[in-house]
Amino acid sequence: MAMRYGMPEYFVPFSQGKADNLFHLLSYPSSTFVLKNFLLVLLAFITIANAATPTDGEKLFALKVKPLFSSRCMACHGEEEKKIKGGFDMRTREAILKGGDEFEDQVLVPGDPSKSQLYLVTTRTVEDYEMPPKEADKLTEEETWIIRDWIKAGAPWPSDERITGIQKQYAEGERVATSKALNEDWQNRRYESEKLWSYRPIKKIAIPRGVHPIDHFISKRLKEAKLPPAPRAKPRELVRRLSFGLTGLPPSPEDLAGFKSTSDYAERLMASPHYGEHFAQHWLDITRYADSAGFANDYYRPHAWRYRDYVVRAFNRDKPYPDFVREQLAGDEIPSRSPESLIATGFLRMGPWEQTGMSVFKETRQFWLDDVTDSVGQTFLAHPMQCAKCHDHKFDPVPTRDYYRMMAVFSTTQFGDHDVPFLPEENLNYFKSSHELVRAKIDGYKKQRAALEQKMKDARKNETGEAKVGDNGLDPGDEASNARMLKNISRHEIESNRTKPRAQGVYTGKTVQKNHIRGYLKPVANPWKGPGEIEKDTILTGGDVYTPGDPVTPGALSAAESLGEMNPARFPRDKGKRRLALANWIVDPANPLTARVIVNRIWSWHFGKAIAGNPNNFGGTGANPTHPELLDFLARWFIDNGWSVKKLNHFIITSETYQRSSRHPSPDLLAKADPAQNLYSIFKPRRLTAEELRDAMLVASGELNREFGGIASRPDINPEVARQPLLIMGGIASVYEPDPTPAQRNRRSLYAEKLRGLRDPFFETFNQPGTSDSCELRETSTVAPQALTLINSQEIQDRALAFAHRLLKETNTNRQAIDRAFQLALGRLPISKEREIFLSAWVKANAEEATLKPESYTPPTFIARTVRAEKTGELYTFEEFLPGSKIYQPDLQRSQSDARTRGLSHLCLVIFNSNEFVYLD
Amino acid sequence: MAHHFHATPNRREALFGLGAGLGSVAFSSLLQASNTRTVHHPAKAKRCIFLMMEGGPSHIDTFDPKPELTKRHLQKFKRSGERQSAMSSGQRYFVKSPFDFEKGGQSGADISSEWVHLKQRVDDICFYRGAKVESVNHPTACYQINTGNRFGGDPGIGAWVTYGLGSENQNLPGFVVLPRTSYPQGGAGNWSNGFLPADYQGTPLRPEGSPILDLNPPVGMNRQRQRQNLDLLAKLNQGHLSTRPDRSELSARMASYELAYRMQMEVPEILDLKGEKESTLEDYGIGQKGTDAFGRKCLLARRLVEKGVRFVQAYAGNWDSHDYIARAHGSLIRSVDKPIAALLKDLKQRGMLDDTLVIWCGEFGRTPDNGMRGGLSYGRDHNANAMAMWFAGGGTKAGHTIGATDDIGAEAVDCVHHIRDVHCTILHLLGLDDNKLTYYHAGRHKQLSQFGGEVIRELIG
């Protein structure tokens, strides 16, 4: 937290500014000027009457040095007597004068900073003696000056009472009332006012008439920077931008031809169900959606898909944001509890988690509590709560107590898979074929096992000696195989539940210890009776589940309540509906964070960049808003317009700011006036996301199956990855098999199965976020494996061939085919030179293809695997059967296509690889 | 936090360097951050080979003899308590090591008799018995050893090192992983770039099939055809770029295709062992039953670091011997013994051992006792409180054994350190300071050790 100092030698003047802050603390309305002045005089009088005026050195110590010691040094030099490092205790002046093991009396030489190691180590100039040791904690130059100047002033150390007096009278910065800190210095901490922006009430800002409010705020800054904005984008660019921006899919040639106005087109796109799919993808990035649990077993989460589709429906129906929040956090506790709202609580179980016989239930339960607390903080409040788990937050007014208060909200939350009938709008297609395939796998294993067990029964001998040493007559590989098949049977049994009318959700009740958790978790009928315990809600010292500290009661972010001037919420304890209380607290229109957080996210989904640069972190370490007034205006507008995301989208899209060209007429001026590109003089171009890229190819090739929702689709993934043996607890996981029909496989990427233990390399390479951490905004990197994927993979070959096939079906001449290719993929006709080049390239490719006789592909029906048996470390070979291969219908194959189609497919591949296809203006 | 590109082909090249392609653009920046960076402090180790013994090798049966267990062999007892998992509670019995122990080399280091070849090299090794981890679950423990974070999602240690030191070779990834045919529990998350830019991700060279995914053109497509496709692509891209000349990411993307084209030739060259002497292959156990797989990895590791790859991680396993410790560990030791001894000897002969840090460890150690898995069988469960680990080269204290476990090997008792301190030490040996090697993510400056740790000075020579 860098303070600003005008002068190198330190001096604390007594000024009106400090008094302002003081008054804020006393919570007098800051506008009552007269009262303020009166009190100011009164206060000054009282203080002067009570004590001799403190020296500058004393003031410096009380206001700056002591807090600095407390936040940066005391963790290792005094907070815990046993843990004092290097024998150096900083709790008293005497102790500091005594020094530590290293420098002894050279640590502090009052009056002479140049001889005092206490100052010198903070300048980080001596190797191995940089203090504080962590680079992330290092003092700013100004902060080192504080220590230097204090030493120069004779290193005075007034009494505690006097320190308190000085702090009361002279302190700079703003104090924030919070629940209660772990230590007093933190409680008395002061914050730079501008870092507290997110906790303050959302301002009402008046804007002039006749201008789009967004453009008003944006133009103001552009004018200040003397940077003229880029002109309006061309219709073709706008149509593409809108179509991908709102639906994640490319526009059709008809969209382009029929484009009239941005407003109409936006309305039409938002009325399409593809809108909800695309916005759901944004939300699922934040909530870490996956179809499996991760870790040792990577068990299937058979009902996760219903939560995914819930999110799609919520966006399509433009569910008011408060309902969306309430349902995900407390869908089982709300008065309007419904099948829909029970499905929504799947949100609370989205993180990676498992409990096996290897782990201690108390610890894994705590992992979930930590995970859900952090995840709720990031998702709805832009507060990574983990930063306050072990100590009061280093930078923000979030005491550790707040962390455990929020965790207490979830301590009566239990996992349960509710019986929830399927809704009429849910897609139940493929249930039968999916079920049959899973059964075929299970039956296959059962058959293999029966044979194996017979073999083992015949071979089994009694072990000799007092202990088994592996002479039981069995092939240890057989024993391992048996275990492997048992595990895979149980994994597939869990998977088979995905066609059952259940929802992965939660209920409220006592915590029951379980050693193994897998598969169906029946909600307890009487959750407050029977076995189990109501967890004691306490601070966990140092974040350790075995070290309970002070008791806490459920609550939320206390700084948002005090600075945001919210009505203090009452959170129930014991058997009350704690999550519902938290949800209501979050969606309280007076909550300063909630609306800002969601409008900031929505803005970032449109512009590829947020107003407050870290959508998951509104704290002091996150980027301050580039346009704070705009953010407040949008937040207020959003609330006033019924928390409607669709309305907000429309509002944003109809601004000039959104409709600008991505090319500035003067790139040099842009680079000079706005190097960080914060001012929105252009629309920031972006690469398509992994999912958009795949979907766009499927649209061009005409293969996309546009149906909505349902159980996860299993697309073709790189076959080497699909068949890559993956170690799970108890053996090797069964092989990933793509769905049997092209229609099932070629669905939108949103529906592609997301297994934590087996990522689709195509998506991963193009920066699809991982499934452990919440992703606030997609990243774009350019690495060579992307090029390898887009020129060599089976996926791209298949799409290019199908695209070529479509082109030839829809056209009559070579020229028409090339024109159509450009139109479908790039939304424009080729210029004549491009057409020429492509036509001649095609002729050449045809000639080559005419000499080739491609073979047809049939997937293998079994794979032989050689592994080391766990029991013996010796090699063992077994066969893994792939029942899916028997019913697999490949996409269009080269062997089914003539040379002309195959020749054209090379050009299609080139178009799919082009920057124009992959980037959006 | 988008990563920004360093390499921008110069304007002239980008505008006019068409048909011939952009082959002259640095290979590096597209694959990883290019330049070699300044170390935080002078260091001996310039690169690292991490031999990851997945599954949790037993310290008691490898480098940490426990004669006390011979006395207690098959004594039964019960364990319970709130901190016990289902695995470690209930009826238990002690298990002696089935292997004899010997003193090796000048230093007289303890080593079990199964290590026939490594025994010749113990004077190059610094054995460490003080490490502790937090998890007894394979995936969480693997994540912790590899990334510092038990729950995954963080960058692998190789990603951190490459982020800190850059790469010495412009033509290869800085962090290469040599996995087993089967990936470990937790999968590729063990060598992830986490929140670091994608350039630092570990690149697995797969032992079967295509070493890098989609490295080669599909069946039916020859290189000439591919070249023609790429040339057509360059022309199409050129028109697009000409109206967006200030967009460096577009030209960088074009250059990445040329890089990919070159990788198709360069990677197979590195994997091709034909240039190695017959005696070298023999030393590493290549072509011999049992040792071939790991022998190839060890030789490949040497070839890669020789070419300037910063961090190579080679996997062997599975050391998860709950039963039949004699057979299971015996066979596993034999599968890595010869290759590792050859690697150390080879590095030393080439004068590379001094500045190459070699690490050997698993994700945890094993217990001195076992549960009643279907009756008595000599095996061991997972143990987070004691483990086997050693270092060679790279400025470590060769010929020493540091730290100790208690008399039954249940828990480290001397020179005890959390694995985070091992991480700090590894970084330190490579000239990096864990407290300075940070990356801002999710509200704080993250580091390999998670929250800071200390260097284990005893391990440094």
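Just add up the charged neighbours of B:Ala45: K/R +1, D/E -1, any other residue whose Cβ is under 12 Å from the Cβ of B:Ala45.
Surrounding charge for B:Ala45 is +2.
What residues qualify as long-range amide H neighbours of B:Gln313, i.e. H under 5 Å apart, gap of 5 or more or another chain, H built at 1.01 Å from N?
Counting only residues 5 or more places away or on other chains, the set is B:Phe50, B:Val176, B:Val177, B:Leu178.
Run the dipole for chain B about the Cα centre, Lys and Arg Cβ at +1, Asp and Glu Cβ at -1, nothing else charged, and hand back the magnitude in debye, nearest 20.
About 600 debye.
Where a Cα-Cα gap under 18 Å defines reach, which aspartates and glutamates qualify for A:Lys226, not counting those fewer than 8 residues away within the same chain?
Partners within reach: A:Asp215, A:Glu656, A:Asp668, A:Asp674.
Of A:Ala673, A:Leu826, A:Val360, which is farthest along the charge dipole of chain A in the positive direction, counting Lys and Arg as +1 and Asp and Glu as -1 at C-beta?
Final value for the positive-end residue is A:Leu826.
Quick one: which of B:Lys297/B:Lys348; A:Lys446/A:Lys754; A:Lys577/A:Lys754; A:Lys138/B:Lys446; B:Lys103/B:Lys289; A:Lys529/B:Lys78 span more than 22 angstrom between C-alpha atoms?
From B:Lys297/B:Lys348; A:Lys446/A:Lys754; A:Lys577/A:Lys754; A:Lys138/B:Lys446; B:Lys103/B:Lys289; A:Lys529/B:Lys78, over 22 Å: A:Lys446/A:Lys754; A:Lys577/A:Lys754; B:Lys103/B:Lys289; A:Lys529/B:Lys78.
When a/c is below 1.5 the answer is rounded, else prolate if a/b is larger than b/c, else oblate, so apply that to the protein assembly as shown with a ≥ b ≥ c taken from the square roots of the Cα gyration tensor eigenvalues.
The shape class here is rounded.
Packing-wise, with mean Cβ within 10 Å as the measure, how do B:49-62, B:217-230, A:241-254, A:200-213 rank, highest first?
Highest-to-lowest ranking by the protection proxy: B:49-62, A:241-254, B:217-230, A:200-213.
Which FRET efficiency, nearest 0.05, do A:Ser159 and A:Thr780 yield, Cβ-Cβ r, R0 35 Å?
FRET efficiency, A:Ser159 to A:Thr780: 0.05.
Run the paramagnetic zone check for B:Arg223: 7 angstrom along Cα to Cβ, then residues of the stretch B:252-276 with backbone nitrogen under 12 Å.
Under 12 Å, as judged by backbone N against the label point of B:Arg223, lie B:261-269 of the stretch B:252-276.
State, to one decimal in nm, how far the label point of A:Thr877 lies from the label point of A:Asp574, with both points 7 Å from Cα in the Cβ direction.
That separation, rounded to one decimal, is 6.9 nm.
Please give the calculated 222 nm ellipticity per residue for chain B, where each DSSP H segment of at least 4 residues contributes -39500 (n - 2.57) and the sum is spread over every residue; nearest 500 deg cm²/dmol?
It lands at -9500 deg cm²/dmol.
Which value in nm describes the separation of the simple spin-label points at A:Phe259 and B:Gln120, placed 7 Å from the Cα toward the beta carbon?
Calculated label separation equals 7.3 nm.
Across the residues of B:221-230, average count of Cβ atoms on other protein chains within 10 Å?
Taking the mean over all residues of the peptide, I get 4.
Among A:Ser71, B:Gly209, B:Ala326, pick out the residue whose Cα is farthest towards the positive end of the charge dipole of the protein assembly as shown, where Lys and Arg carry +1 and Asp and Glu carry -1 on C-beta, about the Cα centre.
Selected residue: B:Gly209.
Pop a pseudo-label 7 angstrom from the Cα along the beta-carbon direction at both A:Thr541 and A:Ala225 and give the gap in nm to one decimal.
5.1
Across peptide B:208-220, what mean number of C-beta atoms from other chains lies inside 10 Å of a residue's C-beta?
So the per-residue partner count for this stretch is 6.
Please compute the net charge surrounding A:Ala266, taking Lys and Arg as +1 and Asp and Glu as -1 over other residues with Cβ under 14 Å from its Cβ.
Neighbour charge sum, excluding A:Ala266 itself: +2.
Per residue of B:441-450, count partner chain C-beta atoms within 10 Å of its C-beta, then hand back the mean as an integer.
6
Using only the Cα atoms of the stretch B:69-220, construct the convex hull and provide its projected area averaged over every direction, in square nanometres to one decimal.
14.8
If you fit an axis through the alpha-carbon atoms of helix B:223-242 and take the longest principal axis of the Cα set of chain B, what angle between them do you get, 0 to 90°, nearest 10?
The angle comes out at about 60 degrees.
A:Pro548: net charge of surrounding residues, Cβ under 11 Å, Lys/Arg +1, Asp/Glu -1, itself excluded?
Net local charge, A:Pro548 excluded: -3.
By how many nm would the segment from A:Glu81 to A:Thr140 grow when fully extended, if each residue of separation counts as 0.36 nm and the alpha-carbon distance is taken off?
18.5 nm
Would you mind checking A:Lys394/A:Lys510; A:Lys66/A:Lys394; A:Lys394/B:Lys436; B:Lys71/B:Lys397 for any pair whose Cα atoms are more than 23 angstrom apart?
Table pairs above 23 Å Cα-Cα are A:Lys394/A:Lys510; B:Lys71/B:Lys397.
Could you tell me the calculated FRET efficiency between B:Glu82 and A:Glu184, based on Cβ-Cβ distance and R0 = 41 angstrom, to the nearest 0.05?
0.75
Full extension from A:Asn678 to A:Arg91: what is 0.36 nm times the residue separation minus their Cα-Cα distance, to one decimal in nm?
Computed gain between A:Asn678 and A:Arg91 is 206.8 nm.
Cross-link candidates for A:Lys223: which lysines have Cα within less than 22 Å, leaving aside residues fewer than 8 places away along the same chain?
Cα-Cα hits under 22 Å: A:Lys609, A:Lys672, A:Lys684.
Can you tell me the orientation of helix B:419-429 relative to chain B, as the angle in degrees between its alpha-carbon axis and the longest Cα principal axis, to the nearest 10?
50
Based on the Cβ-Cβ distance from A:Asn462 to B:Glu134, what FRET efficiency comes out when R0 is 45 Å, to the nearest 0.05?
FRET efficiency, A:Asn462 to B:Glu134: 0.65.
Could you check what % of the DSSP bridge pairs in chain A are antiparallel, to the nearest 5?
95
Between the helical axis of A:213-224 and the dominant principal axis of chain A, each derived from Cα atoms, what acute angle in degrees is found, rounded to the nearest 10?
Here the helix axis deviates by roughly 60 degrees.
Over chain A, what relative contact order in percent results from Cα pairs under 8 Å that are six or more residues apart?
The normalised contact order for chain A reaches 14 percent.
Ranking request for peptides A:686-696, B:363-373, A:548-558, A:523-533: highest mean number of other beta-carbon atoms within 10 Å first, then the rest in descending order.
With the highest mean Cβ count within 10 Å placed first, the list reads B:363-373, A:686-696, A:548-558, A:523-533.
Taking H as built 1.01 Å from N, whose amide H comes closer than 5 Å to the amide H of A:Ala612, not counting residues under 5 places away?
The list, which skips near neighbours in sequence, is A:Thr626.
Less than 11 Å from a label point 7 Å out along the Cα-to-Cβ axis of A:Leu839: which backbone N atoms in the stretch A:795-828 qualify, by residue?
Answer for the stretch A:795-828: A:814-819.
Only helical DSSP H runs with n ≥ 4 go in: add -39500 (n - 2.57) per run for chain A, normalise by residue count and round the 222 nm mean residue ellipticity to 500 deg cm²/dmol.
Helix contribution divided over all residues of chain A: -13500 deg cm²/dmol.
Only the coordinates and a few stated rules stand behind these numbers; no lab work does. Remember, it's a predicted structure, so these values are computed and weren't measured experimentally. Neighbour counts run over all protein chains shown; Cβ positions are idealised from the backbone, glycine included.
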